[in-house]
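Here the structure is laid out as structure tokens; the discussion comes afterwards.
Derivation of every value follows stated rules applied to the coordinates shown; laboratory data play no part. All of these numbers come straight from a predicted model, not from anything done at the bench. Positions of Cβ are generated from backbone atoms using ideal geometry, with glycine treated the same way; all protein chains shown enter the neighbour counts.
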Amino acid sequence: MRRTITALFAMAALAAPTLADDPVAIGEIGFGQALLDKAEEYGQRELDYLAREMREDLERELAGMLGENGLTLQVTILDATPNRPTMQQMGAHGLHHSSISIGGASLEAELVDAGGNTLETFSYSWRSYDIRNVVGYSRWTDARRAMNRFASDVGESLAERNATAS
């Protein structure tokens, strides 16, 4: 009896639709106005870094769900603050690389279908709350933590969405 039930569960799992039927593409990572206002201060290199890191976090969390001709996840990094000065800030303001500050990031995303209809929205924001906690952090430690948590939340939500659609 136990083997039959196990076999039935295995067959049902194989027959269930997967996200391959409704793949998700990650659109271009955009920037909010608050971050764009800081672009000259931080340097374009830093914005490129943040976008690349966000994409890598999403690709890791959405592994197995990614594909073309399905849904698109449009992500915006609304704002980000480094824990240490960027190269541009050090050169322009004479800041030292050992300077520290409270960092973090605010993010949002929309999951849209091929017709441009919004199916789901996501948002996340996180900042350090105490300067004493950022000693030893690298330039974007808090922003990376926020992006990582955001990608994890999006991945969990999309996995649940797929599971309930099955």
Using alpha-carbon coordinates, inclination of helix 44-61 to the longest axis of the chain, degrees: 20 degrees
Gaussian network model of the chain, springs between alpha carbon atoms under 10 Å - residue of 59, 68, 41 with greatest fluctuation: 68
Highest-fluctuation residue, 118, 141, 76 considered, GNM on the chain with Cα pairs under 10 Å: 118
FRET efficiency, residue 121 to residue 39 (Cβ-Cβ, R0 25 Å, nearest 0.05): 0.50
3J(HN,Hα) from dihedral phi, the stretch 136-141, Karplus parametrisation 6.51/-1.76/1.60, rounded to Hz, x for glycine, proline: x, 6, 8, 4, 10, 4
Length gained when the stretch residue 133-residue 99 is fully extended (0.36 nm per residue, less Cα-Cα span): 10.9 nm
Most mobile listed residue (135, 24, 112) in the chain, GNM with C-alpha springs under 10 Å: 135
Computed [θ] at 222 nm, deg cm²/dmol, the chain (DSSP H ≥ 4; -39,500 (n - 2.57); rounded to nearest 500): -13500 deg cm²/dmol
D (Stokes-Einstein, µm²/s), Kirkwood Cα radius, the stretch 18-165, 1.002 mPa s at 20 °C: 133 µm²/s
Sites residue 114 and residue 52 - FRET efficiency at Förster radius 41 Å, r taken between beta-carbons, to 0.05: 0.95
